[in-house]
Amino acid sequence: MTTELILFFSLALIAIITGLGLLISKNAIYAALYLVLNFFTIAIFYLLLGGAFIAMAQVSVYAGAIMVLFLFVIMILGAEKLGKSNTVAWQRPVAIILSIILLIEAGYVLFWRTAPVQAAQTLPDGFGGPASIGNVLLNNYLLPFEITSVLLLVAMIGAIVLTHKQKTDKEV
Amino acid sequence: MAIEFLPIAILFVLAIALAVFIVFLGSIFGPKRYINTKMMPYESGMTPIGPGTRRMNVRFYLIAVLFILFDIEVIFFLPWAVVFRSLGLFALIEMLVFIGILLVGYVYAWKKGALEWE
Amino acid sequence: MSDPINLIANWLQGLLLGLGLSVGLTKIILSFVGAVVVATIGMLTVIFLIWLERKIAGRIQDRLGPNRAGPYGLLQPFADVIKILTKEYTTPDGADVVVYNIAPIMAVASVLLIWAVIPFASTVVGTNLNVGVLYIMAVGAFGLLSILMAGLSSNNKFALLGAFRSVAQLISYEIPMVVSLLMPVIFARSMGLVDIVEAQMPWFIILSPLAALIFIIASMAEVNRAPFDLMEAESEIVAGFHIEYSGMKFGMFYVGEFLHVFTVGALVATLFLGGWRGPWAEQYPILGLIYFYIKTFVGYFIVAWVRLTVPRIRIDQMLDFNWKFLTPLSLVLLIITAVLDRVLVLVNSERWVYSLVMFLANILIIWATVEVLKKTTSKPKRKEFPMRPVAMAPETSTSTEPSS
């Protein structure tokens with residue numbers, strides 16, 4: 001239990017640091033690489049929770065596919081070095097007030113509203129494995145699963161429409 | 001579950017350590033003679049023109065988006081491929097519907113010429 | 001005596017436990033030793049492979065290949081290593097030093113990681129993940145990142161273009177590769193590589209030759225090898241994403257590429273050629289190890305052979321071939337395999353009937369594909385030129401020349 005706790009807190013620290021790095025870094029490529037590290041730590045969190053499948057999916061979709069998309073978009077926009085952004089005057093105080101409210105809320109939930117921690121249950125055999133995920137996905141969560149395909153379809157059409165607008169303009 | 005990944009974590013650390021060590025060896029044995037022109041980015045012998053980075057073509061974006069969509073689709077296939085024999089005919093039809101909806105998008109992409117590299 | 005590897009492992013375990021170490025620590029130390037062995041064998045194999053590939057290349061191109069250093073030129077790769085170690089590191093001006101230096105290290109690590117899940121023999125496997133196939137996919141993400149990092153940090157237009165090209169290629173061909181990986185998963189009803197090897201009573205290349213073919217083609221693109229080596233088209237973008245790397249940093253990319261090709265061979269052997277399976281492999285695991293290595297070299301040889309035979313393709317051909325041919329073909333194969341599997345399990349057919357029907361279905365798909373291709377592809381018509389005299393009379397030739 002203690003090794004798991006040490007692991008958890010060190011990973012949590014890494015996750016927070018990389019998250020901060022993502023926000024603070026001026027270079028968009030660095031921000032994207034911090035995001036990769038962040039995704040990777042989250043994948044390890046999934047692993048510690050027993051979800052090997054979801055952890056691997058996290059690495060392969062987020063650290064792989066989404067990250068490639070981000071880096072591609074950064075280079076397509078030529079936005080790797082951010083210039084001075086024009087901030088709205090009241091942006092900063094509002095942000096500070098909102099984040100303080102969020103912190104208070106989180107602290108309230110964490111310290112006063114938490115249910116007593118229950119003893120950790122031993123996971124059933126094959127928990128989080130591909131077979132159990134497949135069973136749950138194809139039986140209990142059938143509708144969300146099928147709707148996902150519609151979502152993917154919409155995303156595909158959207159991307160095509162967005163990128164091919166120029167071409168039709170040129171032809172006309 | 002996580003214990004099965006212990007050898008992988010060790011191998012990961014070790015592989016990185018090995019690679020760092022070999023690269024470090026190179027820095028010991030290799031000469032270090034700094035010449036201004038040697039450190040210029042290589043452009044077949046010319047003095048580099050303009051900045052080293054440039055805006056890339058938007059076609060790469062389309063490829064990346066198509067990849068993400070198919071990647072997610074394939075990840076849904078994987079657990080299905082493991083269990084579909086035990087789940088019976090229903091699981092098969094479900095997946096055919098799933099593939100079918102995606103194929104609609106695929107045909108659309110083809111007809112719109114999104115798969116061309118002009 | 002039948003299983004020396006586990007014999008040594010058990011002896012080591014007994015020794016460590018005898019020293020009074022805890023079970024957990026012993027496990028960690030054993031994994032560490034295993035990882036050291038895998039990494040060392042990987043590196044040594046690469047050194048041998050470089051020699052082998054140059055020898056094969058020599059033979060195919062009608063020359064001798066390395067034959068000066070040592071017998072049959074066997075010491076040539078060691079000479080190369082010594083040479084490359086004594087080269088200077090040049091970091092281009094304006095490069096992003098941190099990212100620039102991490103990239104080659106990740107390139108090697110990403111390939112070595114795949115070896116953790118490959119079963120070398122019935123008793124020798126790093127770790128038996130039940131998500132093995134997905135793990136291979138996930139590790140590929142590191143390779144993508146290392147290429148992108150190298151291209152983005154080098155402060156060089158050509159490196160950037162090369163990185164974008166090769167990443168576009170890698171992500172495109174990952175789709176048919178993973179879809180073709182689904183066929184072994186369907187047959188074995190498991191994603192773990194150990195289970196997949198154990199389920200191969202007839203090898204899966206017999207059950208699904210088309211899937212094996214698609215996997216090999218897509219893997220060739222994944223390792224950026226000819227005919228898919230357009231990221232290092234010298235005449236267009238100099239050398240691709242690793243243009244600015246010198247000395248051992250370039251060597252790391254080079255080692256990573258060779259190791260990746262060998263890993264592709266290992267994956268082909270594991271997924272389609274029955275892994276360690278062979279006569280008496282279960283009684284004598286050391287035999288399984290030998291079978292596995294032979295099959296891996298067969299897979300490696302195919303990739304090297306194609307590389308040395310076929311010319312480089314253009315980027316539009318590369319993308320067309322993937323998106324308009326391999327991807328739909330692999331999806332069709334997936335649908336037909338799934339439907340047939342359902343039907344055959346429903347009628348409760350024998351093992352050999354199942355294999356035969358699957359094999360015939362694959363052959364049928366290949367035949368249909370070839371026929372469709374014949375019908376749809378329009379051959380560019382040869383331009384007709386009027387006949388010209390081979391040599392002209394001296395009077396006429398002088399008169400047509402714009403002299404004076």
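FYI, it's all coordinate maths here, none of it is from the lab. Keep in mind that this is a model prediction, so the values were computed, not measured. Don't worry about glycine lacking a Cβ; one is built from the backbone with ideal geometry, like all the others, and counts go over all protein chains shown.
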Handout entry: Options B:105, B:63, A:21, ranked by Cα towards positive dipole end of the protein assembly as shown, top entry (Cβ charges)
Key = B:63
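Only four residue types carry charge here, +1 at the Cβ of Lys and Arg and -1 at the Cβ of Asp and Glu. Report the dipole size of segment C:246-404 about the Cα centre in Debye, rounded to the nearest 20. Provide the component values of the computation, followed by the final result.
Numbers: 16 positive and 10 negative charges, 36 e Å.
That gives segment C:246-404 a dipole magnitude of about 180 debye.
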Handout entry: 22 Å tail of the calculated P(r), segment C:81-168, as % of Cα pairs
Key = 44 percent
Exercise for the section: Give me the number: length gained by fully extending residue B:24 to residue B:38, i.e. 0.36 nm times residue separation minus the C-alpha to C-alpha distance, one decimal in nm. Expected result: 2.9 nm
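Over segment C:178-302, consider all pairs of different Cα atoms and compute the Kirkwood hydrodynamic radius from their mean reciprocal separation; express it in Å, one decimal. Please list the in-between numbers first.
On the way: mean 1/r = 0.0631 Å⁻¹.
The Cα-based Kirkwood calculation yields 15.9 Å.
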Fill in the blank from the handout: For chain C, longest principal axis from Cα atoms; helix C:285-309 axis from its Cα atoms; angle between them, nearest 10 degrees, is 10 degrees
Problem - GNM result for chain C, Cα springs below 10 Å: residue of C:123, C:377, C:296 fluctuating most strongly - result: C:377
Exercise for the section: Mind computing the radius of gyration and Dmax over the alpha-carbon atoms of the protein assembly as shown? Å is fine for both. Expected result: 27.6, 109
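For segment C:1-77, run through the trypsin sites (Lys or Arg not before Pro) and keep only the ones in DSSP coil with at most 13 other Cβ atoms within 10 Å of their Cβ.
Details: sites: C:27, C:54, C:55, C:59, C:63, C:68; in loops: C:63, C:68.
Passing both the DSSP loop test and the Cβ count: C:63, C:68.
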Handout entry: Residue-by-residue Karplus 3J(HN,Hα) for segment C:171-183, coefficients 6.51, -1.76, 1.60, Hz, glycine and proline x
Key = 6, 5, 7, 5, 5, x, 4, 6, 5, 5, 5, 5, 4
Exercise for the section: Could you work out how far helix C:4-18 tilts from the main Cα principal axis of chain C, as a 0 to 90 degree angle to the nearest 10? Expected result: 50 degrees
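What does the charge dipole of chain C about its Cα centre add up to, to the nearest 20 debye, if the Cβ of each Lys and Arg holds +1 and the Cβ of each Asp and Glu holds -1?
Its charge dipole is roughly 640 debye.
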Completion exercise
Proxy exposure order for C:157, B:111 (fewest C-beta within 10 Å first) is B:111, C:157
Exercise for the section: Work out from phi, with θ = phi - 60° and the Karplus expression 6.51 cos²θ - 1.76 cosθ + 1.60, the ³J(HN,Hα) of each residue of segment B:102-114, listed in order in whole Hz, and give x for Gly and Pro. Expected result: 6, 5, 4, x, 5, 5, 4, 4, 5, 5, 6, x, 6
Problem - Among C:79, C:40, C:109 - extreme Cα towards positive end, dipole of segment C:32-137, charges at beta-carbon - result: C:79
Fill in the blank from the handout: Expected vector for segment A:144-152, Karplus 3J(HN,Hα) from phi with 6.51, -1.76, 1.60 and θ = phi - 60°, integer Hz, x for Gly and Pro, equals x, 4, 5, 5, 3, 5, 5, 4, 4
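What's the exposure ranking of C:47, C:214, A:17, C:102, going from fewest to most Cβ atoms within 10 Å?
Lowest to highest Cβ neighbour count: A:17, C:47, C:102, C:214.
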Exercise for the section: Report Rg (one decimal) and Dmax (nearest whole number) for segment B:2-111, counting Cα atoms only, units Å. Expected result: 25.1, 70
Fill in the blank from the handout: quick shape note, chain C: Cα extents on principal axes in Å, largest first -> 101, 63, 43
Practice task
Could you state the angle between the C-alpha long axis of helix C:76-85 and the longest principal axis of the C-alpha atoms of chain C, as a value from 0 to 90 degrees rounded to the nearest 10?
Solution key: 80 degrees
Practice task
Taking the Cα centre of segment C:1-86 as origin, work out the dipole magnitude from +1 charges on Lys and Arg Cβ and -1 charges on Asp and Glu Cβ, in debye rounded to 20.
Solution key: 280 debye
Exercise for the section: Taking amide H positions as placed in the peptide plane 1.01 Å from N, state which residues far from residue A:78 in sequence (5 or more) or on other chains have amide H under 5 Å from it. Expected result: B:56
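Fewest Cβ neighbours within 10 Å first, please rank C:242, C:260, A:164 accordingly.
Starting with the residue having the fewest Cβ neighbours, the order is A:164, C:260, C:242.
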Problem - Geometric extent, Cα atoms of segment C:1-86 - Rg, Dmax (angstrom) - result: 19.8, 61
Fill in the blank from the handout: Output for segment B:30-79: trypsin sites (Lys or Arg not before Pro) sitting in coil per DSSP, at most 12 other Cβ within 10 Å, listed by number, reads B:32, B:33, B:54, B:55
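Which entries in B:111/C:379; C:324/C:374; C:55/C:157; B:38/C:83 show an alpha-carbon gap greater than 26 Å?
With Cα atoms farther than 26 Å apart: C:55/C:157.
Taking every eigenvalue of the Cα gyration tensor of segment A:18-76, multiplying by 5 and rooting it, what semi-axes result, largest first, whole Å?
So the three semi-axes of segment A:18-76 are 23, 14, 4 Å.
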